[in-house]
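The values are calculated or read from the model by the stated rules, or taken from the named source; none is laboratory data. The structure presented is a predicted model; accordingly, all values stated were derived computationally and were not measured. Glycine also receives a Cβ, built like all others from the backbone with ideal geometry; neighbour counts cover every protein chain displayed. To get the accessible areas, we keep the full protein, side chains included, count just its heavy atoms, and leave off ligands, DNA and RNA. Shrake-Rupley method; radii C 1.70, N 1.55, O 1.52, S 1.80 Å.
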Amino acid sequence: MTDRAKLLEARGVRKSYRSGGGRLDVLRGVDFSLEPGGFVSVIGQSGSGKSTLLHLMGLLDAPDAGEVWLGGERIDDLPAARRDRLRNTAIGMVFQAYHLLPELDALENVLAPLYVRYSLAAWLREGPAARARARGLLERFGLGERLHHKPRQLSGGEMQRVAIARALVAEPRVLLADEPTGNLDEESGAGILDTLSELNRRDGLSIVLVTHDQVIARRADRIVRLAAGRVETV
Ligand code: ADP
Ligand code: MG
């Protein structure tokens with residue numbers, strides 16, 4: 001069933017991990033949904049399965065049971081090539097540890113997902129517009145003077161803003177952020193949260209923010225909690 005009021009959905013999602021002979025049931029039937037233009041925080045204690053859920057919705061991993069839907073289409077069971085493409089275009093992800101490529105400068109890091117996505121012919125055609133978009137995002141995030149800095153020449157907050165620009169360069173339908181301020185001091189973290197809020201309010205970007213911190217979670221317009229493998233509304 002298609003539900004257009006929902007952009008991203010997890011339906012009855014289950015995920016277990018093997019751990020030394022035993023089995024760890026991390027997600028035991030999780031239902032979650034994000035409305036278009038929505039901003040939802042997922043909170044829960046460390047180990048409650050927040051990252052697991054985000055990875056499943058970002059197609060980095062597959063659920064054992066249940067379904068993931070994006071824009072009225074089931075996406076967890078797509079053939080690998082379509083899943084990869086969707087992950088590269090429709091879903092932007094940001095992680096606690098930035099995961100920038102150390103050899104590339106800020107601008108090249110933002111463009112990196114497109115290098116993967118485009119053939120040479122497509123790059124020759126689309127490259128100039130993509131570069132302009134990447135540069136525009138970095139300038140918007142206050143990094144106009146840092147376009148050619150390598151990650152090691154950037155602060156944590158600056159690296160995370162590069163990572164957000166990279167997540168947005170393909171103009172995804174949703175941004176999934178996993179503890180994006182977890183490695184940052186309070187002030188830099190607040191800057192990142194302001195950036196996310198602004199992207200949501202001004203651009204209508206749909207966001208899922210995972211955090212263990214209640215104060216950070218309140219930046220969203222709705223909070224859900226993961227506990228004992230299920231979601232409860234806070
Ligand atoms: P959170 O992000 O809420 O801290 P995670 O989703 O990272 O929690 O992990 C949930 C639980 O699953 C933890 O107990 C973790 O140790 C376990 N876990 C996560 N990934 C794996 C894995 N690949 N193999 C085995 N156990 C895992
Ligand atoms: Mg986590």
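Looking only at the range 48-94, residues that are within 16 Å of ligand 1 (Cβ to nearest atom), under 12 Å from the mean Cα position of the chain (by Cα) and of a type in the set (A, V, I, L, M) come to 8 in all. Taken together, the criteria place Leu209 among residues that are open to solvent by less than 10 Å² (accessible area, probe 1.4 Å), under 20 Å from Gly37 (Cα atoms), within 16 Å of ligand 1 (Cβ to nearest atom) and touching a strand residue (DSSP E or B) at 6+ places or on another chain (Cβ under 6 Å). Residues being open to solvent by 10 Å² or more (accessible area, probe 1.4 Å), more than 16 Å from ligand 1 (Cβ to nearest atom) and at pLDDT 95 or above are represented in the range 108-123 by at least one member.
Sort through Leu34, Leu59, Leu24 and tell me the only one that's touching a helix residue (DSSP H, G or I) at 6+ places or on another chain (Cβ under 7 Å) and either on the phi > 0 side of the Ramachandran plot or among the aliphatic types (A, V, I, L, M) (or both).
That would be Leu59, the only listed residue that is touching a helix residue (DSSP H, G or I) at 6+ places or on another chain (Cβ under 7 Å) and either on the phi > 0 side of the Ramachandran plot or among the aliphatic types (A, V, I, L, M) (or both).
The residue of the range 175-205 that is most open to solvent (accessible area, probe 1.4 Å), among those that are farther than 18 Å from Glu158 by Cβ and among the hydrophobic types (A, V, I, L, M, F, W, C), is Leu205. Being out of contact with any strand residue (DSSP E or B) (no Cβ under 7 Å at 6 or more places or on another chain), in contact (Cβ under 8 Å) with a residue 24 or more places away in the chain and either open to solvent by less than 20 Å² (accessible area, probe 1.4 Å) or of a type in the set (Phe, Trp, Tyr) (or both) holds for only one residue in Gly157, Gly229, and it is Gly157. You will find that of Ala165, Ala217, Ala134, the residue that is over 27 Å from Leu104 (Cβ atoms), modelled with pLDDT of 95 or more and surrounded by 15 or more Cβ atoms within 10 Å (Cβ to Cβ) is Ala217 and no other.
Quick check: is even one residue across the range 6-21 aromatic (Phe, Trp, Tyr) and either under 19 Å from the mean Cα position of the chain (by Cα) or in a loop (DSSP other than H, G, I, E, B) (or both)?
There is no residue in the range 6-21 that is aromatic (Phe, Trp, Tyr) and either under 19 Å from the mean Cα position of the chain (by Cα) or in a loop (DSSP other than H, G, I, E, B) (or both).
Beta carbons closer than 6 Å, at least 6 apart along the sequence or on distinct chains, pair a first residue in the range 12-26 that is farther than 26 Å from Trp69 by Cα with a second that is part of a strand (DSSP E or B) for Arg23/Ser16. Scanning the range 1-47 for residues being more than 18 Å from Leu176 (Cβ to Cβ) and either surrounded by 11 or more Cβ atoms within 10 Å (Cβ to Cβ) or away from ligand 1 (no atom under 15 Å from the Cβ) (or both) gives a total of 15.
Looking only at residues in the range 58-107 that are among the β-branched types (Val, Ile, Thr) and not in a loop (DSSP other than H, G, I, E, B), the one that is farthest from Ser119 (Cα to Cα) is Val68.
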